[in-house]
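Down below is the structure, laid out as structure tokens.
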């Protein structure tokens, strides 16, 4: 008799659990909306990704740009990214809905319309950002002055810029208090056609010409051989490198800025434009957001002094059409990050972690790289510097870009204007030799 009662209890409990689980599931429909005037329209097979607090769901659109998914109650970031070629142009479409609440009062018939932002790929991309610092040899602390950024010509043609600038978006870290969000929960510049450059920016004093596959390494602080004091650090004493060094500006904190190596010519020194009280230019080391731009119709110096471009006192309005590339990052294992870049600049984000010698590195566009005839026999596979084991990311192409370059290959990197697809957290900065 006890066995029968127990069996009935188990059946009732099982039915109850199934009902509770079913009650917690919701059908969510997303409609992608392409920009007015775009020559491209909806197609079948575009991915739409739901990222919750502890789960990820993914679906693909039908021919009308619509997708329906069944997901449990949660707060989701819903993202979509697509890259398409039309003639000689490459168009990127990105959309991101953050903090979309799907709970028990969700109506299954409701449709979330996501407006895609259109942008074109640039010749120049930011290949790598290293700002998190290198551990001391004995592990007692971190050396924070060997930071660098690599700018790369990702196209098939030479690229020349006359006033190329490097900036960081505000706030310095994605999880910091962001006063650019209005009471409606949207960025105040969402429909204004600009993004903010925080504190100041740097610019090349000479035209910069890069051949296809050529790069410019820019040292942010100590452009010297830092391995002499910390063996795991970076040797930035190289005649081909560039240095952020301008003692005539307000950025003259000698803890950050040492005289560059004699190997680096003075015409490779970048000049600073400062409009804050800081004595050093410091993009966030926890979750940096860096970008490159080239102003049109105004010089970098004039832009810095023009009050008409000032917003929230210590930021400058940088027109979106001036921006060549940007990288958004979130601090790994932090749930409070908010988007700073508009989808036209960067529709996603890559995780970052400081103090470990890790860098943000761009993923290889495998199809485009293998399509270069001269790369035959030069591609090195078996990439093992991703950080997936610690919750980060890796390059899904499995191509070791740096080893392939040393082998004579020319790499084409992913450039969909979406860091979730284009970048990963790398276990070791590419310029590190340890």
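Details
- Selection from region 129-179 of residues that are without any contact (Cβ under 8 Å) to a residue 12 or more places away in the chain and under 23 Å from the mean Cα position of the chain (by Cα): 177
- Scope region 308-329; condition under 18 Å from residue 416 (Cβ atoms) and out of contact with any helix residue (DSSP H, G or I) (no Cβ under 9 Å at 6 or more places or on another chain); matching residues: 320, 323, 324, 325
- Residue match in region 41-60 (condition: at pLDDT below 85 and surrounded by 12 or more Cβ atoms within 10 Å (Cβ to Cβ)): no
- Selection status of residue 107, surrounded by 11 or more Cβ atoms within 10 Å (Cβ to Cβ) and over 21 Å from the mean Cα position of the chain (by Cα): no
- When region 77-106 is filtered for residues that are over 26 Å from residue 38 (Cβ atoms) and in contact with a strand residue (DSSP E or B) (Cβ under 9 Å, 6 or more places away or on another chain), the ones remaining, listed by number, are 99, 101, 102, 103, 104, 106.
- Wholly enclosed strands (runs of 3 or more DSSP E) of region 282-350 bearing at least 2 residues closer than 22 Å to residue 81 by Cβ and either in contact (Cβ under 8 Å) with a residue 40 or more places away in the chain or under 13 Å from the mean Cα position of the chain (by Cα) (or both): 289-293, 323-331
- Output for region 192-218, where each listed residue is in a loop (DSSP other than H, G, I, E, B) and over 21 Å from the mean Cα position of the chain (by Cα): 192, 204, 205, 206, 207, 211, 212
- Within region 361-372, the presence of a residue that is in a loop (DSSP other than H, G, I, E, B), surrounded by fewer than 20 Cβ atoms within 10 Å (Cβ to Cβ) and touching a strand residue (DSSP E or B) at 6+ places or on another chain (Cβ under 9 Å) is excluded.
- The single condition from (1) farther than 21 Å from residue 350 by Cβ; (2) free of Cβ contacts under 8 Å to residues at least 24 places away in the same chain that residue 389 fails is (1).
- Test result for residue 243, free of Cβ contacts under 8 Å to residues at least 60 places away in the same chain, closer than 27 Å to residue 134 by Cα, in the same structural domain as residue 138 (by TED's automatic domain parsing) and not in a loop (DSSP other than H, G, I, E, B): yes
- Count of residues meeting criterion [touching a residue at least 40 places away in the same chain (Cβ under 8 Å), part of a loop (DSSP other than H, G, I, E, B) and surrounded by 20 or more Cβ atoms within 10 Å (Cβ to Cβ)] in region 253-279: 3
- Within the set 216, 197, the sole residue that is in contact with a strand residue (DSSP E or B) (Cβ under 7 Å, 6 or more places away or on another chain), crowded, with 23+ Cβ neighbours inside 10 Å and closer than 28 Å to residue 279 by Cα turns out to be 197.
- Close pairs (7 angstrom Cβ cut-off, 6 or more residues apart or separate chains): more than 13 Å from residue 72 (Cα to Cα) in region 89-116, at pLDDT below 90 and in a loop (DSSP other than H, G, I, E, B) anywhere: 90/121; 91/40; 92/121; 116/35
The values are calculated or read from the model by the stated rules, or taken from the named source; none is laboratory data. Nothing here was measured: the structure is a model prediction, and the numbers come from that model. Positions of Cβ are generated from backbone atoms using ideal geometry, with glycine treated the same way; all protein chains shown enter the neighbour counts.
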